[in-house]
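Structure first, then comments.
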Amino acid sequence: MKAQRLQTLVWPAAFFVASSAYSQIVRIEFNSQVTALVGSSLEGVTVGSIITGRVEVDLAHLPLDSNASPYLGNYSYGAGRPGFVLQFDTGFEVIRYDSVNAAEDGGVSPGIFLYERGDPSEHLGLQMRDQGDPYAAILSFDDVSEPLTLLNGDYFPEAVNLEAGLARATFHYFDNFGTDSIVARVTSASLTVDPGERRTGLLAFRVKASKLPDHRKRTLLSALEAAEDAFGEGRCAAALRHLHVFQKKVHAQVERHDSILASWLIAGAQSMINSGCGN
């Protein structure tokens, strides 16, 4: 069965909806131009056609990284896990994949995959396929220019510098049998993170998703909660002080054990401190 096809020329206005007020949503939007095709699986698509698309990942449902290496990130979807949607528009039809239907049979594995310090490239791939569907969609970014800067670790989305992989970015839609294949060169792409209603939401997510011992998580989360409460009460100076405390706790409790995680947490807090009481 093919992924759901929507006969429309515009994005449905309410298509992407956060699962809760506190969800952190990662959005990747892209434009691409078809450079090669085999078969005719998509109506009206020829070489030169424009395909636009959007990926949305709800970090509240992001799977745990199944690879222990700090340079490889495997966030695999399956078993009906929600939170990962890929949709693309050919101008004639819209095809939508949702991870609640993600394939677990043989073929392309749905998920988000990061390969840092590759030889000689770095890679980010976002893959989607429905159970029992031979068709799959892959949005990929590759960096082959030294110094490699597409990725800095295996944390998604913080480790991703999308611009560094744009020159070799592609969108690929194909079937398992090799009878239908469409390759498009990605001409532009952007990655944004919506932290939801909580200013410290992304930092709290990263702490909770980390492999830190529970007692260290509680210590860090208490500082973030104090900052969140202060922001909510309009006490900006107090909120910024709590963020400084959070940074000190990261230095003391995280840096020696996971320097990459520490760098992201400190940088994230510093970005909020630099913005003062702005959004």
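Read the figures in this text as sums done on the coordinates, not as results from a lab. Predicted model, so just to flag it, every value in this text is computed and none were measured. FYI the Cβ positions are ideal-geometry reconstructions off the backbone, even for glycines, and counts take in every protein chain you see.
Only Lys, Arg, Asp and Glu count, each charged at its Cβ (+1, +1, -1, -1), so figure out the dipole size of the chain about its Cα centre, rounded to 20 debye.
Working: 23 positive and 32 negative charges, 193 e Å.
The dipole magnitude comes to about 920 debye.
For Ile273 and Thr46, what does the FRET efficiency come to when R0 = 45 Å and r is the distance between their Cβ atoms, rounded to the nearest 0.05? Please list the in-between numbers first.
On the way: r = 51 Å, r/R0 = 1.14.
Calculated transfer efficiency: 0.30.
Can you tell me the FRET efficiency between Arg81 and Arg235 if r is taken as the Cβ-Cβ distance and R0 is 51 Å, rounded to the nearest 0.05?
Numbers: r = 38 Å, r/R0 = 0.75.
So the FRET efficiency works out to roughly 0.85.
Explain nothing, just compute: Karplus ³J(HN,Hα) = 6.51 cos²θ - 1.76 cosθ + 1.60, θ = phi - 60°, for every residue of segment 108-115 in order, whole Hz, x for Gly and Pro.
4, 8, x, x, 10, 10, 10, 10
Could you tell me the extents of the chain's C-alpha atoms along the three principal axes, largest first, rounded to whole Å?
60, 42, 33
So for the chain, averaging the separation of alpha carbon pairs under 8 Å that are six or more residues apart and normalising by length, what relative contact order in percent results? List each step's numbers first, then the result.
On the way: 586 pairs, mean separation 49.2, N = 279.
Relative CO of the chain lands at 18 percent.
According to the Cα gyration tensor, what semi-axes, each the square root of 5 times an eigenvalue, does the equivalent ellipsoid of segment 201-274 have, listed from largest to smallest in whole Å? Numbers along the way, then the final one.
Details: eigenvalues 81, 30, 20 Å².
So the three semi-axes of segment 201-274 are 20, 12, 10 Å.
By how many degrees, between 0 and 90 and to the nearest 10, does the Cα long axis of helix 259-274 differ from the longest principal axis of the chain?
80 degrees
What is the order of Arg256, Arg185, fewest Cβ neighbours within 10 Å to most?
Values: Arg256 9, Arg185 15.
Ranking Arg256, Arg185 by Cβ neighbours within 10 Å, fewest first, gives Arg256, Arg185.
Be a star and scan segment 81-118 for residues whose amide nitrogen sits under 18 Å from the point 7 Å along the Cα-to-Cβ vector of Thr179.
From segment 81-118, the list is 107-108.
Specify whether the C-alpha gyration tensor of segment 15-168 places it in the rounded, prolate or oblate class, a ≥ b ≥ c being the square roots of the eigenvalues: rounded for a/c under 1.5, otherwise prolate if a/b is larger than b/c and oblate if not.
Working: a/c = 1.57, a/b = 1.14, b/c = 1.38.
In terms of gyration-tensor shape, oblate.
222 nm [θ] for the chain, helices only, -39500 (n - 2.57) per DSSP H run of 4+, per residue, to 500? List each step's numbers first, then the result.
Working: 4 runs with 62 residues, N = 279.
Roughly -7500 deg cm²/dmol at 222 nm, from the helical runs in the chain.
Compute the relative contact order of segment 17-146 as a whole-number percentage, counting only Cα pairs closer than 8 Å that sit 6 or more residues apart in sequence. Can you show the working numbers first?
Numbers: 272 pairs, mean separation 22.8, N = 130.
Worked out over segment 17-146, it gives 18 percent.
Consider all pairwise Cα distances in segment 145-238 and report the whole-number % of them above 20 Å. Write down the numbers at each step before the final one.
Details: 2646 of 4371 pairs.
Roughly 61 percent, rounded to a whole number.
Find which of Gly153, Ala189, Thr179 sits farthest along the positive direction of the dipole of the chain, computed with +1 on the beta-carbon of Lys and Arg, -1 on that of Asp and Glu, about the Cα centre.
Going by the charge dipole, the pick is Gly153.
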